[in-house]
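Participant: My questions all concern the structure below.
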Amino acid sequence: MDYQKKLEGLITTLTSEGGSDLHLGVSRTPAIRVFGELIFLAKHPVLSKEDMLGIMSVILDKSKIEKFMENQELDFAYNFREHNRFRGNAFFQKGLISIVLRLIPPVQKLADLNLPPILMDIARKKQGFFLVVGPVGQGKSTTLASMVNVINGEQARNIITIEDPIEHMHIPEKSIISQREVGIDTKDFSTALKYVFREDVNVIMIGEMRNPETVSAAVTAAETGHLVLSTLHTNNASQTLNRIIDSFPSNQQEQIRTQIASSLLGIFSQRLVPRISGGLIPAYELLLNNNAVANLIRENRVYEIDVVIETGSESGMVDLNRSLVALVRAGEITIESAYQYSLNPEGLQRMI
C-alpha cells in the first residue's frame, strides 16, 4: 500500500474540515478534532498494525523510529508539503502503536488573534519573566509565537527558543532567531539554559517549564537582564504561582518567591471557546505584576491574587469571568459556553 498517499488523504481531510488534530491507532477508524469535537472518519477503513507501521515510516526517519521503539514514547515535528507543520506524539496502548498529530497554524499577528493589545507591550520589554498558561490545546504556543513575532519584526535582538519539539518556524527579520530542539540541538531544557547565558541572548522562549531546575534558570535569566517567555499547563495565575513555588524544597521556597516577585511581568491564562459563528475565540485572564502583587508573592499570600485580578481592571488586569461576559454580550459565545469555561461559575452568575 502507498502509505504516503494514505497519510496525505487523511491530512487533506483534516485541513479541509478545519480540524486541529488527527488521531491514528491500530484497530480503530481515524478521527479528527474539529473545534473541540472529536469526529470519526467513517469512510476510512479501520487501521491495521501494518497500516500504523507504514504511516509511521512516512512520518519518522529510521533513527526516530528506533528511539520510539526503545522509549515507547516520542514527541516529534512533521512537515507536510511545506505548507503544514504538525506537532506529533507516538505512543503504545495495549502493545499497539498510536499517533496523534496536531496541526500547527502559521505564526499570526497578535492583532489577529483577538488577544489584549497589552501583550504587544509585554513583548517589547527588555527584561522580565512572562508566562502563558492554560490546559493543553488552548493556543498557548500560538500566543507565544506571536509575541516572538512582534519582537522579530520590530527589534534587533538575539532570540533563542528551546522547544520539544520545535513548533512554529520563525524566519528572521530584524532579529537573530535560533530555534533549538531538545534531543537534536541540545540534551534537555536545563542544559540549554545553562549555556544560553554565554550566547549573548536577549530573549529566551522556553517551550515548557518542566522542573525546578528549568524554573530556577529562567527566573535567574529574567533577573539578569533577559526577557523570558514560557508556558505551564495550569489553569490560572494563582495556581501557576503555587505550582512553581511548591515544586521547590521548603528550604528554597522563600528564595524563589522573592525572585519571582521581583522578576515577574505577568501571567496570561487563556481558553479557546466555541464561537457562535463557528470556530474558536479566546477568553482569558491576565495578571500583571505590581507592588501589591509582588508583596503577596513575597509574603506567601498567593491565595489573595484572584481578588487582585478581579479588582485590577484599571491597571490592565483581566478577570476570566469578565472576559467571558464580554464575549457573551458581544454575541460571540453562548451563556452555556461561558459557564462551561468559567473557573468560578457562581461569580459569573452574579455578572450576567
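Participant: Filter the strands (runs of 3 or more DSSP E) completely within region 227-336 down to those with at least 2 residues that are more than 29 Å from V203 (Cα to Cα).
Facilitator: 264-274
Participant: Which of the residues spanning region 322-337 are under 23 Å from the mean Cα position of the chain (by Cα) and either under 21 Å from I260 (Cβ atoms) or touching a residue at least 40 places away in the same chain (Cβ under 8 Å) (or both)?
Facilitator: Once the filter is applied, which keeps residues that are under 23 Å from the mean Cα position of the chain (by Cα) and either under 21 Å from I260 (Cβ atoms) or touching a residue at least 40 places away in the same chain (Cβ under 8 Å) (or both), region 322-337 yields S323, L324, L327, I333, S337.
Participant: Is it true that T214 is crowded, with 20+ Cβ neighbours inside 10 Å and modelled with pLDDT under 95?
Facilitator: Judged against the criteria, T214 is a match.
Participant: Is there a residue being in contact with a helix residue (DSSP H, G or I) (Cβ under 6 Å, 6 or more places away or on another chain), more than 26 Å from D319 (Cβ to Cβ), without any contact (Cβ under 8 Å) to a residue 60 or more places away in the chain and among the hydrophobic types (A, V, I, L, M, F, W, C) anywhere in region 234-248?
Facilitator: yes
Participant: Could you look through region 161-181, keep only residues that are in a strand (DSSP E or B) and touching a residue at least 24 places away in the same chain (Cβ under 8 Å), and pick out the one that is surrounded by the most Cβ atoms within 10 Å (Cβ to Cβ)?
Facilitator: For region 161-181, the residue satisfying everything is I162.
Participant: Could you list all residues from region 280-321 that are small (G, A, S) and more than 24 Å from the chain's Cα centre (by Cα)?
Facilitator: Correct list: A292, A294, G312, S313, S315.
Participant: Name the residues in region 116-148 that are in contact with a strand residue (DSSP E or B) (Cβ under 9 Å, 6 or more places away or on another chain) and polar (S, T, N, Q), would you?
Facilitator: Within region 116-148, Q127, Q138, S141, T142, T143 qualify.
Participant: In region 2-20, which residue that is among the hydroxyl-bearing types (S, T, Y) and in a helix (DSSP H, G or I) is farthest from L103 (Cα to Cα)?
Facilitator: That would be Y3.
Participant: OK, next. Test each condition in (1) over 26 Å from L110 (Cα atoms); (2) surrounded by 20 or more Cβ atoms within 10 Å (Cβ to Cβ); (3) not polar (S, T, N, Q) for E254 and report the one that comes out false.
Facilitator: In the conditions (1) over 26 Å from L110 (Cα atoms); (2) surrounded by 20 or more Cβ atoms within 10 Å (Cβ to Cβ); (3) not polar (S, T, N, Q), E254 misses (2) alone.
Participant: Confirm whether V46 is without any contact (Cβ under 8 Å) to a residue 60 or more places away in the chain and among the hydrophobic types (A, V, I, L, M, F, W, C).
Facilitator: For V46, the condition - without any contact (Cβ under 8 Å) to a residue 60 or more places away in the chain and among the hydrophobic types (A, V, I, L, M, F, W, C) - is met.
Participant: Same structure, new question: If you take the residues of region 38-61 that are loosely packed, with under 12 Cβ neighbours inside 10 Å and within 27 Å of P105 (Cα to Cα), which of them is nearest to the chain's Cα centre (by Cα)?
Facilitator: Among residues in region 38-61 that are loosely packed, with under 12 Cβ neighbours inside 10 Å and within 27 Å of P105 (Cα to Cα), the one nearest to the chain's Cα centre (by Cα) is L38.
Participant: Can I ask one more? Can you pull out the residues in region 107-126 that are small (G, A, S) and more than 15 Å from L229 (Cα to Cα)?
Facilitator: If the condition is that a residue be small (G, A, S) and more than 15 Å from L229 (Cα to Cα), then A111 is the only one that fits.
The values are calculated or read from the model by the stated rules, or taken from the named source; none is laboratory data. A quick note: this is a predicted structure, and the numbers were derived from the prediction, not measured. FYI the Cβ positions are ideal-geometry reconstructions off the backbone, even for glycines, and counts take in every protein chain you see.
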